[in-house]
Amino acid sequence: MIYWATMLATTDELERSVNIYRGLVEVSALINSITDFNELLSAILDVAGRVMHAEASSLFLINETTGDLELTIARGPVGEALAHPVKIPRGRGIASWVREHRKSVLVIDAYQDSRFYPELDRTSGFMTRSILCIPLFQQETEIGVLQVLNPLDKPQFDHLDLEAFEAYGNLVATAIAKMRAIVRERERKQLERDLTLATEIQHSFLPDVLPSTALLSLAAHYRPAGNIAGDFYDVFERKDHEFYFVVGDVAGKGVSAALLMAQAISMLRLIVHPGMSPADALAKWNARICARTVRGMFITAILGKIIPNQRFIEFAVAGHLPPLLRLPDGSVEQPEILAAPPLGIVRDQTYEVNQMRLLPRSHVVIYTDGLLESFNASRQSFSLKRITKALSEPIENSSALVAGLIKAEAEHRGEVAPYDDLTILAIGLK
């Protein structure tokens, strides 16, 4: 009798094992066919309940940002009513213990286990009898904890159930790690597409071609330190032989600076009208920026007007680096100027007009601080002395002047990546 009883028990266990592992093969195929993360989590719990014949199931994931263990999704009488995710305090409950010790747990009688936290049962009316709880990890990376509650066909889970559940957990951990890698790759590709589009949109705010007349010679260089930048420049004609120019630098980098840059250029084009003084235009521009800019952000800028046949430039300065004047003999001067604080700081700021009269073959050079703050491997900056030396080289026109300056900056920087955005605008009279 003992022999036959043992044989029957062994046969029953073998049949259970076959059924469980048949379910695991099915699970593996199912998991590998899913490409949506939330759908994967739902499938994990649905299959866990079906394979383990459990009344309820729960998946706790490690928050990749905070490191907290969170109840992410649940199935069963209680789980459907819970709001997810729910942060699980350290040292509280079976799941927290399993996470901390990275050991699987078979709980025969939940209320006799000191690690069990019964508060959820009390508030929901659910009665937890037996628990299987396993840690999920991939190599040394924590993923979370998976558990099932209350077998439907017997009073409690047993060690055969735990063995099968651990095998299922290995599949689950691999599937979640794989899906997270897929999601991160999707997000990376989407970010690349977004940055490419943002770069194209930003460049659309910059002039494709600079104006040119018999007397006027213009050249510009624009180089973002990253995909998008806070620097900007523009040159536009408001009436015959009257041109306005601007070079600016938004404080900060990245998307917020790029958005303010686009907004600022759009504002300026609406503000400037024929015959307008750069000082008046700068005051109106500042007022609008103050009304709309996020606190802490500001713009340095030089806004000016050119009348080529009168051979003079007038401009107003808002916290920007002063321009340089290259004379026909190659000497370089930094004229004394009147300046005011950057745009976006003082709402009712007024600005003074500066003027320069240009000789034939002289050039005004306006640039952003990315030129001065171009560092080489020894952390030496491309100083004003180096800028002056580069500008004093023989040139034929504005394009040659800018090209020489760019070449000198690149040679100074060497293999070091640009630290800041860089914009240069050269204005010459023939």
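Here are the numbers for this structure:
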| read-out | value |
| --- | --- |
| Single residue of Ala410, Ala390 found to be under 29 Å from the mean Cα position of the chain (by Cα) and in a helix (DSSP H, G or I) | Ala410 |
| Strands (runs of 3 or more DSSP E) (entirely within the stretch 163-252) containing at least 1 residues that are outside the structural domain of Ala48 (by TED's automatic domain parsing) and surrounded by fewer than 14 Cβ atoms within 10 Å (Cβ to Cβ) | 231-239 |
| Filter result for Ile265 (within 29 Å of Ser217 (Cβ to Cβ) and within 38 Å of the chain's Cα centre (by Cα)) | yes |
| Residue within the stretch 166-184 that is without any contact (Cβ under 8 Å) to a residue 12 or more places away in the chain and touching a Leu at 6+ places or on another chain (Cβ under 8 Å) present | no |
| Search result, residues across the stretch 114-153 that are among the aromatic types (Phe, Trp, Tyr) and more than 22 Å from Val51 (Cβ to Cβ) | Phe116, Tyr117 |
| Identity of the residue in the stretch 331-356, assigned to a strand (DSSP E or B) and in contact (Cβ under 8 Å) with a residue 60 or more places away in the chain, that ends up surrounded by the most Cβ atoms within 10 Å (Cβ to Cβ) | Leu343 |
| Every pair of residues 6+ apart whose Cβ atoms lie under 7 Å, when the first sits in the stretch 115-141 and is assigned by TED's automatic domain parsing to the domain that holds Pro155 and within 17 Å of Ala74 (Cα to Cα) while the second is assigned to a helix (DSSP H, G or I) and among the β-branched types (Val, Ile, Thr) | Ile131/Ile94; Cys133/Ile94; Cys133/Val98; Ile134/Val98; Pro135/Val98; Leu136/Val172; Leu136/Ile176 |
| Scope the stretch 145-154; condition touching a Ser or Thr at 6+ places or on another chain (Cβ under 7 Å) and exposed (fewer than 11 other Cβ atoms within 10 Å of the Cβ); matching residues | none |
| Of all residues making up the stretch 58-95, the number that are modelled with pLDDT of 85 or more and either aliphatic (A, V, I, L, M) or in a strand (DSSP E or B) (or both) | 14 |
| Residue list for the stretch 282-322, restricted to those being surrounded by 19 or more Cβ atoms within 10 Å (Cβ to Cβ), part of a helix (DSSP H, G or I) and of a type in the set (Gly, Ala, Ser) | Ala283 |
| Some residue of the stretch 219-236 being touching a residue at least 24 places away in the same chain (Cβ under 8 Å) and closer than 30 Å to Ile134 by Cα | no |
| Residues of the stretch 9-57 satisfying the condition of being at pLDDT 70 or above, crowded, with 17+ Cβ neighbours inside 10 Å and in a helix (DSSP H, G or I) | Leu40, Leu41, Ala43, Ile44, Leu45, Val47, Ala48, Gly49, Val51 |
| Test for Val365: is it surrounded by 22 or more Cβ atoms within 10 Å (Cβ to Cβ) and either aromatic (Phe, Trp, Tyr) or under 28 Å from Ala257 (Cα atoms) (or both) | yes |
| Sole exception among (1) out of contact with any Ser or Thr (no Cβ under 8 Å at 6 or more places or on another chain); (2) farther than 22 Å from Leu384 by Cβ for Val353, by number | (1) |
| Filter pass, Val246 being at negative phi and modelled with pLDDT of 90 or more | yes |
| Only one of Leu422, Leu359, Leu384 that is assigned by TED's automatic domain parsing to the domain that holds Ile302, buried (at least 18 other Cβ atoms within 10 Å of the Cβ) and touching a residue at least 24 places away in the same chain (Cβ under 8 Å) | Leu422 |
| Number of the exception - Lys407 against (1) surrounded by 13 or more Cβ atoms within 10 Å (Cβ to Cβ); (2) closer than 24 Å to Pro207 by Cβ; (3) out of contact with any Leu (no Cβ under 8 Å at 6 or more places or on another chain) | (1) |
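The values are calculated or read from the model by the stated rules, or taken from the named source; none is laboratory data. Keep in mind the model is a prediction, meaning the values are calculated, not measured. Every residue, glycine as well, gets a Cβ built from its backbone with ideal geometry; the counts of neighbours run over all protein chains shown.
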